[in-house]
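Below: one structure in structure tokens.
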Amino acid sequence: MGKHNAEAAPPPNGRRAAIAGGAALALVAGGFGVSKAVSFMGDDGGSCKTPASVRVVTTPEMYNSVVAAADTVESEGAACASYDVSAQGAGETAKAIETSSSVPDVWIPDSTIWADNVNAQLGSSGWLTPGETLATSPVVVGVPASLRDDPRLSKPQSWASILETQYPLTMINPDQSTPTLTSVVAANQAVSGAGQQENKRELLRSYLRLSRSLSTEETLFAKAKSSKDVARLFPVSEQQLTDYNKNNPQGQLSPLVPKEGAAQLTYTWTTPVRGNPAPQAALDALRDQLVSADGKKALTEAGFRVPGAQLPTASAVPAGVKIVPKASTADNQGAQRAWANLGKDARILVVLDVSGSMLQEIQPGQSRVDMLTKMCTQALDVLPPTTSIGGWAFSTDLDGKGKDYKELAPSIESIDDTPQGRAHKAQLKAALKTGHSLAERNGDTGLYDTVAAAYKHVHDTYDARYVNSVVVMTDGANDDPGGGLDLQQVLTQLRGQYDPKKPVKIVTIGIGNKSDPKALKDIATATDGLSYVTKTPDEITNVFVDAFLRRE
């Protein structure tokens, strides 16, 4: 290979490219790709004077095996080629390919999910073509020795319950860790069936919590040797777990296999479409070496499960471990979207109906408006403090002739624990207490004008750091004696303003049997949002939580 000084080849561990958080921590040869100059011989015994350059990118744990295979191809003269092999996290490589900043001739990621992501981003199902599976590795939950006696771990657990329960569990960012990504997908699969709404909400709550306390692979492996107040459970592949245990005989990780089975990493030979591909003979020679008897043996010795070869030795994961069914592309992307959206803070404008009908009692001594203002007040204390929130009330002519809405606070701001955040939260709580008196004005329901104004406000003040949304809660159909927009007009405005690259979504919550479910659903759909119809106080609370969590 052509970039590395071959006079004194370093040992395998010294040649390995270690990646953390998408950046190379240590590389030899002074460059990201590691190459070595060799003398090439053709079939006639002559030298290969102009070898084709083949750029290969794989994951850090697969790197040594691919380098060894490339060395063999070069030294045996199986192809007139120089292989430049790089180690990089699959998520980072996927982003590089999406932006065309760096497209290899061959990519060996640790999951086909990444290729699906690239194809979806580039709008072509064939931009990346996953080919032969070179190796697999089951993904389990790594349990440090100091946590092995936790009684909760002795009971069968699903992927979702492991993430939901308050275990001492920490995640790595799924954008940087495929074991984490596949565990998120597996957990999402576990709660995707009928009757799983509450389990789904609990899982999304766990995403919200876990995404605020991410760590790195290096940190978690280091903590695995510590006492139980420091050590953490985390998703890990069999190959990683086996490699770690070989080097840490006194503080080994144990595998916890959820009851649905292990998730799985799949290392596939993947070829991007590009203008000037490497010669097919050079690509075939490297692939053939990786799937040869010697190549399979090397991968097995590195801790991978290889098709048609013996299982890796010294693994604590059962040989016949059950593997969760492969998720569809839609399910994979849905799980990633849910995590990504919950990883972002929310920026919400809550729009509360205070028309006269909201004074109707839903239980003795409590009207609809009382219940909603109480729920919103409580939400201010339980939402993540990094949430930004604003509030409007609406009926008809609420803030002067022709203006159906009234701002309860002048802007959408954070409710964090800063002087400004505390003051904003206090202002919102004080304003919510006026909800009952506003409803006593006995106004009508200026829904459409209010929705249009609220959406324009959030759209015009869009903040890309957040998931931006408008939540509308009403018990009635649009009823505005002063005129105003009709349904088709407001829908036309919403569709014209909605930008999928800067999405602001409307969530509508209809209360009782006098709302207009079809109109509310049309309003939500115009912005790719969500719509709910509720009958009881418990339903209203649940859908408010669901609306906050499902930021799709």
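Quick one: count up the residues across the stretch 131-169 that are free of Cβ contacts under 8 Å to residues at least 40 places away in the same chain, part of a loop (DSSP other than H, G, I, E, B) and either among the polar types (S, T, N, Q) or in contact with a Pro (Cβ under 6 Å, 6 or more places away or on another chain) (or both).
Selection size over the stretch 131-169: 2.
Something else: Of the residues 367, 357, 388, 395, which single one is under 34 Å from the mean Cα position of the chain (by Cα) and of a type in the set (Ser, Thr, Tyr)?
Details: 367 fails: under 34 Å from the mean Cα position of the chain (by Cα); 357 fails: under 34 Å from the mean Cα position of the chain (by Cα); 395 fails: under 34 Å from the mean Cα position of the chain (by Cα).
Every option except 388 fails the conditions.
Suppose we filter 490, 533, 471 for residues that are closer than 30 Å to residue 210 by Cβ and either aliphatic (A, V, I, L, M) or more than 32 Å from the chain's Cα centre (by Cα) (or both); which single one remains?
On the way: 490 fails: closer than 30 Å to residue 210 by Cβ; 533 fails: closer than 30 Å to residue 210 by Cβ.
The match here is 471.
Follow-up question, since we're still on this one. Inspect all residues belonging to the stretch 400-410 and state whether any of them is surrounded by fewer than 23 Cβ atoms within 10 Å (Cβ to Cβ), in contact (Cβ under 8 Å) with a residue 24 or more places away in the chain and in contact with a Lys or Arg (Cβ under 8 Å, 6 or more places away or on another chain).
Checked against the condition, which is being surrounded by fewer than 23 Cβ atoms within 10 Å (Cβ to Cβ), in contact (Cβ under 8 Å) with a residue 24 or more places away in the chain and in contact with a Lys or Arg (Cβ under 8 Å, 6 or more places away or on another chain), the stretch 400-410 yields no hits at all.
Same structure, new question: Would a scan of the stretch 355-372 turn up a residue that is surrounded by fewer than 17 Cβ atoms within 10 Å (Cβ to Cβ), among the hydroxyl-bearing types (Ser, Thr, Tyr) and more than 26 Å from residue 184 (Cα to Cα)?
First, pick out the residues of the stretch 355-372 that are surrounded by fewer than 17 Cβ atoms within 10 Å (Cβ to Cβ): 359-361, 363-366.
From the residues that got through so far, the ones that are among the hydroxyl-bearing types (Ser, Thr, Tyr) too are none.
So far as the stretch 355-372 goes, no, none of its residues is surrounded by fewer than 17 Cβ atoms within 10 Å (Cβ to Cβ), among the hydroxyl-bearing types (Ser, Thr, Tyr) and more than 26 Å from residue 184 (Cα to Cα).
Out of 100, 53, I need the residue that is at positive phi, at pLDDT below 95 and not aliphatic (A, V, I, L, M). Which one?
On the way: 53 fails: at positive phi.
Of 100, 53, the one residue that is at positive phi, at pLDDT below 95 and not aliphatic (A, V, I, L, M) is 100.
Only residues that are over 25 Å from the mean Cα position of the chain (by Cα) and outside any strand (DSSP E or B): list them for the stretch 75-93, please.
75, 76, 77, 78, 79, 80
When you scan the stretch 62-71, do you find a residue that is surrounded by fewer than 23 Cβ atoms within 10 Å (Cβ to Cβ), touching a helix residue (DSSP H, G or I) at 6+ places or on another chain (Cβ under 7 Å), assigned by TED's automatic domain parsing to the domain that holds residue 286 and modelled with pLDDT of 95 or more, even just one? Write out each step before concluding.
Of the residues in the stretch 62-71, the ones surrounded by fewer than 23 Cβ atoms within 10 Å (Cβ to Cβ) are 64, 68, 71.
Then drop every residue that is not touching a helix residue (DSSP H, G or I) at 6+ places or on another chain (Cβ under 7 Å), which leaves 64, 68.
Then keep just the ones that are assigned by TED's automatic domain parsing to the domain that holds residue 286; that gives 64, 68.
With the extra rule that they be modelled with pLDDT of 95 or more, the set shrinks to 64, 68.
Yes, the stretch 62-71 contains at least one residue that is surrounded by fewer than 23 Cβ atoms within 10 Å (Cβ to Cβ), touching a helix residue (DSSP H, G or I) at 6+ places or on another chain (Cβ under 7 Å), assigned by TED's automatic domain parsing to the domain that holds residue 286 and modelled with pLDDT of 95 or more.
Within the stretch 490-504, does at least one residue satisfy the condition of being in contact (Cβ under 8 Å) with a residue 24 or more places away in the chain and closer than 22 Å to residue 358 by Cα?
Checked the stretch 490-504: no residue is in contact (Cβ under 8 Å) with a residue 24 or more places away in the chain and closer than 22 Å to residue 358 by Cα.
For the stretch 221-243, how many residues meet the condition of being surrounded by fewer than 19 Cβ atoms within 10 Å (Cβ to Cβ) and either more than 16 Å from residue 149 (Cα to Cα) or not basic (Lys, Arg) (or both)?
Restricting attention to the stretch 221-243, the residues satisfying the condition of being surrounded by fewer than 19 Cβ atoms within 10 Å (Cβ to Cβ) are 222-223, 225-230, 243.
After this cut, where a residue has to be either more than 16 Å from residue 149 (Cα to Cα) or not basic (Lys, Arg) (or both) as well, the list is 222-223, 226-227, 229-230, 243.
Looking only at that region, the number is 7.
Please specify each residue of the stretch 218-231 satisfying the condition of being farther than 15 Å from residue 179 by Cα and charged (D, E, K, R).
To start, the set of residues in the stretch 218-231 that are farther than 15 Å from residue 179 by Cα comprises 219, 222-231.
Those that are farther than 15 Å from residue 179 by Cα and charged (D, E, K, R): 223, 225, 228, 229.
Being among the acidic types (Asp, Glu), assigned by TED's automatic domain parsing to the domain that holds residue 362, touching a residue at least 12 places away in the same chain (Cβ under 8 Å) and within 24 Å of residue 371 (Cα to Cα) narrows it down to one of 522, 486, 516, 538, so name that one. Even if it seems obvious, please write down each step before you answer.
Details: 522 fails: within 24 Å of residue 371 (Cα to Cα); 486 fails: within 24 Å of residue 371 (Cα to Cα); 538 fails: touching a residue at least 12 places away in the same chain (Cβ under 8 Å).
Checking each option against the conditions leaves just 516.
Which number in (1) at pLDDT 90 or above; (2) out of contact with any Ser or Thr (no Cβ under 8 Å at 6 or more places or on another chain); (3) among the hydroxyl-bearing types (Ser, Thr, Tyr); (4) surrounded by fewer than 19 Cβ atoms within 10 Å (Cβ to Cβ) marks the one condition that residue 207 misses?
Unmet condition: (4).
With (1) assigned to a loop (DSSP other than H, G, I, E, B); (2) small (Gly, Ala, Ser); (3) buried (at least 18 other Cβ atoms within 10 Å of the Cβ) as the list, and residue 124 as the residue in question, which single condition is left unmet?
Unmet for residue 124, out of (1) assigned to a loop (DSSP other than H, G, I, E, B); (2) small (Gly, Ala, Ser); (3) buried (at least 18 other Cβ atoms within 10 Å of the Cβ): (3).
From the list 187, 145, exactly one residue is of a type in the set (Gly, Ala, Ser), outside the structural domain of residue 295 (by TED's automatic domain parsing) and over 22 Å from the mean Cα position of the chain (by Cα). Which is it? Even if it seems obvious, please write down each step before you answer.
On the way: 187 fails: over 22 Å from the mean Cα position of the chain (by Cα).
Checking each option against the conditions leaves just 145.
Among what's in the stretch 312-340 and is among the aliphatic types (A, V, I, L, M) and under 15 Å from residue 139 (Cα atoms), pick the residue that is surrounded by the fewest Cβ atoms within 10 Å (Cβ to Cβ).
319
The values are calculated or read from the model by the stated rules, or taken from the named source; none is laboratory data. Because the structure is a prediction, the values reported are computed rather than measured. Please note: Cβ atoms are built from the backbone with ideal geometry, for glycine as well, and neighbour counts cover all protein chains shown.
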